[in-house]
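Below is one structure; the comments refer to it alone.
What follows draws every value from the coordinates through simple rules; no lab data is involved. Since the structure is predicted, the reported quantities are computational estimates derived from the model, not experimental observations. Heads up, the Cβs are rebuilt from the backbone with ideal geometry, glycines too, and the neighbour counts pull from every protein chain shown.
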Amino acid sequence: MRSIKNSSLILLIFMIIFSFTINSVYAKEAKSSQDTGSISIVKLLNKENGKSAIPVSGSVFGLIKIGDEEIGNEKKESLAKKLESMSLEQIQKEYESKGKMVISSATDNKGETVVSNLSVGSYYVAEITKVGNLWKKSNQTSPLIVNVEKTSKLVKVYTKSTVPPKGKELSVKKVWVGNKLKMIQVYLYANGQKVDEVELSESNGWTYTFKSLKEKSVNGKEIIYSVKEEVPSGYTSEIKENSPNEFVITNTEKRSGGEPKQQNRSSSDTGGKIGSIIKTGDWKVYLIIGVGIVLMALGYKVYRKKPDKK
């Protein structure tokens, strides 16, 4: 009897140890599958000579996951070129199955921001700026691709932005014919691809200048810029390129009541003559003229029969 109790006790202890071991293995696997990493993004501004890097505060970065595995340097370059021509919205749509874009906090006075709890894999990192309610890629820094590993170790990514050359500038001006609206949205296109937008209003004098625009694409061809707008209801739109660097958008308010009033017709349009008394189709006039002719004829006849005085 005692041996049975001892055997049961040993079996119970074994089951507890086995259960604990299995749970520990599952816990480790679960922890491994949920491993996350962190990256530290540091934005530095170089002076013209490329030295004396200065930290830039207030910059925000967007991180879009593009793969679950690490990407080699050669593939990074080719993929970076492909994504360069795409807007932020297009990139998010392309990789929406990987999750939503992660938005960093603004860089501090050291030019640094830390993004934590990123699932392992490869990420497209770009400086972003908010236009209205949408995030857009900023042209102040070049986007890059970063690998996030299964480690809590911070991987510092230095995004260096040199003082940009003057580059190409393009101004857009709004002209109103009629009542002005509070604001209007204008879009900038490069070779037919929307690359930027701006809100024009009284606050900026209905004019804006896009600066530091690239003059040539990656393949060396000249970039053709154009602008479009959201045409407001009740207005017509006309866009003129006064010069290669200036566009004028004119919105004309449509007249209420349809077609403009016609001008009064002149007397010559009625078919008559100016100052004419006799009107076509008036039979009384012809009767008077006829009677007058008859009376003149009778008077002339009487005059001819009158004898001569001797």
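Some values worked out for this structure:
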read-out: FRET E, pair MET183, GLU84, Förster distance 35 Å, beta-carbon r, rounded to 0.05; value: 0.70
read-out: Above-threshold pairs, the threshold being 32 Å between Cα atoms, out of LYS137/LYS173; LYS75/LYS214; LYS180/LYS216; LYS150/LYS214; LYS65/LYS240; value: LYS180/LYS216; LYS150/LYS214; LYS65/LYS240
read-out: Proximal aspartates and glutamates to LYS168, defined as alpha-carbon separation beneath 19 angstrom and excluding residues fewer than eight positions away on the same chain; value: GLU48, GLU84, ASP196, GLU197, GLU215, GLU222, GLU241, GLU246
read-out: Two-site FRET efficiency, ASN245 against LYS150, from Cβ-Cβ distance with R₀ of 51 Å, rounded to 0.05; value: 0.50
